[in-house]
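Enquirer: Supplied in structure tokens, the structure appears directly below.
The values are calculated or read from the model by the stated rules, or taken from the named source; none is laboratory data. As the structure is a computational prediction, the values presented were derived from the model and not from experiment. Here Cβ is always computed from backbone atoms with ideal geometry, including for glycine, and neighbour counts include all displayed protein chains.
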């Protein structure tokens, strides 16, 4: 890592660090003779011995050493935020390259950080990881790690990622597997680039590296995700979009294979199909048994729809559902999820006497080809709400609340609690991609604006919180469920 040592921000009163004379502003340069790389590395180093030796640098440049008997526990310090590493690839379908102009700076950063991969399930191409960093992953047991493979054929991978030095991804994966690290993998499928025989080779190569009995380190899963293209691809390579017919053919071909691979993997699904294959094909998502027992790669859009449907079925039958009785609300979402949500809301209305409606918000910001709720901007949602009000006669009280997708909001819109970006300005929590905030949306509409949460139970909690006056500003995370939000790297991960 580029940074040398990690700065101490606060020292807990009565802690070992305070007793040793450590102060805010000091820098932890080394622990037990090893350079401190970042917060995650600090946590690893202080747990290795019962007694920890520190090399500390004062703000004036002077240094001192101290030994602490910490028993493998923390020292009682809070450390400065780590700077995020960036991607060196130029993938032909990179979403950041397809961002429209005028959004905040942080949204144009391509994070490529093994720490985020381990902690939060972000996928890394490993393009920024040399052998020394791969050794670090092994030594610090950063397992499982999440890797964007796209293609194991070296020529095809270079064509996809745009980096002639990063064709042999299997060498890096094998390095990790040999060290006992488990790996979740994904391939973003683009017609004519990495489908067909190239996809089959990717599947075969990674399946051969699945975990073996009694062996530590293996490829735990492989998800395939349809390529996502926006309306902003000026001066970018030509990439064919996924049509409904293509998605239908993919679903028909690979849905049975998912079950075949699961049977050969002791019943645990290994090949995973992202929900978007089914929504683009306009077919029902499979049942619960189709997905991993642990909902592996849920953050990658695998199983989100099925999990929502399973929870909704149970919730609507519960006494708690009666809390929706008489409520009038407009639920905004992306066009891909709107048909599913419409069916669920119709059942909820029949069962509880609620008056909820669903509207698909058109994505003017990224283009009509982007249909997922998480990429709707505040202005898109505002337009959809106003259009619905006009369609219903234009009355100011046409609904009691407007519900926005939690996936379209960020809990952190500047530096996060652990990772930061140079030059980023902190913004209010509950902010959309275009910097419109939830309170601003509510003020414009004249009715409560609340996040959806990850399920109907969360939604009811949020509506009840709105009844009590929440969501008017301030620390919004105290009033809504974090599940479903883009956190904590939402500031720069579109």
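Okay, residues lined up against (1) over 25 Å from residue 338 (Cα atoms); (2) assigned to a loop (DSSP other than H, G, I, E, B); (3) assigned by TED's automatic domain parsing to the domain that holds residue 298:
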position: 249; (1), (2), (3): no, no, yes
position: 260; (1), (2), (3): yes, no, yes
position: 263; (1), (2), (3): yes, no, yes
position: 269; (1), (2), (3): yes, yes, yes
position: 284; (1), (2), (3): no, yes, yes
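Enquirer: Tally time: how many residues in region 286-304 are under 21 Å from the mean Cα position of the chain (by Cα), surrounded by fewer than 22 Cβ atoms within 10 Å (Cβ to Cβ) and modelled with pLDDT of 95 or more?
Expert: Of the residues in that region, 0 qualify.
Enquirer: Looking only at region 213-241, count how many residues are closer than 16 Å to residue 189 by Cα and in contact with a helix residue (DSSP H, G or I) (Cβ under 6 Å, 6 or more places away or on another chain).
Expert: Qualifying residue count, region 213-241: 4.
Enquirer: Tell me which of these residue 73 doesn't satisfy, since it passes every other one: (1) surrounded by fewer than 17 Cβ atoms within 10 Å (Cβ to Cβ); (2) more than 15 Å from residue 42 (Cα to Cα); (3) not assigned by TED's automatic domain parsing to the domain that holds residue 187.
Expert: Going through the list (1) surrounded by fewer than 17 Cβ atoms within 10 Å (Cβ to Cβ); (2) more than 15 Å from residue 42 (Cα to Cα); (3) not assigned by TED's automatic domain parsing to the domain that holds residue 187, residue 73 breaks only (2).
Enquirer: A follow-up question, please. State whether one or more residues within region 314-328 are buried (at least 20 other Cβ atoms within 10 Å of the Cβ), touching a residue at least 12 places away in the same chain (Cβ under 8 Å), assigned to a strand (DSSP E or B) and touching a helix residue (DSSP H, G or I) at 6+ places or on another chain (Cβ under 6 Å).
Expert: No: region 314-328 contains no residue that is buried (at least 20 other Cβ atoms within 10 Å of the Cβ), touching a residue at least 12 places away in the same chain (Cβ under 8 Å), assigned to a strand (DSSP E or B) and touching a helix residue (DSSP H, G or I) at 6+ places or on another chain (Cβ under 6 Å).
Enquirer: Then there's this: Look through 192, 180 and report the one residue that is under 26 Å from residue 116 (Cα atoms) and touching a residue at least 40 places away in the same chain (Cβ under 8 Å).
Expert: Within the list 192, 180, the selection yields 180.
Enquirer: Looking only at region 296-313, how many residues end up being closer than 21 Å to residue 124 by Cβ and touching a residue at least 12 places away in the same chain (Cβ under 8 Å)?
Expert: Final tally of qualifying residues: 6.
Enquirer: In region 245-259, what count of residues is obtained for those that are surrounded by 12 or more Cβ atoms within 10 Å (Cβ to Cβ) and either closer than 24 Å to residue 295 by Cβ or in contact with a helix residue (DSSP H, G or I) (Cβ under 6 Å, 6 or more places away or on another chain) (or both)?
Expert: The number of residues fulfilling the criteria is 9.
Enquirer: Hey, another quick one. Given the options 21, 5, name the one that is buried (at least 19 other Cβ atoms within 10 Å of the Cβ) and at positive phi.
Expert: 5
Enquirer: Tell me which residues, restricted to region 456-477, are in a helix (DSSP H, G or I), farther than 20 Å from residue 446 by Cβ and at pLDDT below 80.
Expert: Across region 456-477, the qualifying residue is only 477.
Enquirer: Does residue 65 satisfy the condition of being loosely packed, with under 13 Cβ neighbours inside 10 Å and either in contact with a strand residue (DSSP E or B) (Cβ under 6 Å, 6 or more places away or on another chain) or assigned by TED's automatic domain parsing to the domain that holds residue 143 (or both)?
Expert: Answer is yes for this residue.
Enquirer: Could you grab me the full set of residues in region 358-381 that are more than 21 Å from the chain's Cα centre (by Cα), in contact (Cβ under 8 Å) with a residue 40 or more places away in the chain and not in a helix (DSSP H, G or I)?
Expert: If the condition is that a residue be more than 21 Å from the chain's Cα centre (by Cα), in contact (Cβ under 8 Å) with a residue 40 or more places away in the chain and not in a helix (DSSP H, G or I), then 367, 368 are the ones that fit.
Enquirer: In region 65-100, what residues are farther than 30 Å from residue 29 by Cα and in contact (Cβ under 8 Å) with a residue 24 or more places away in the chain?
Expert: Matches in region 65-100: 89, 90, 91, 92, 93, 95, 96, 97, 98, 99, 100.
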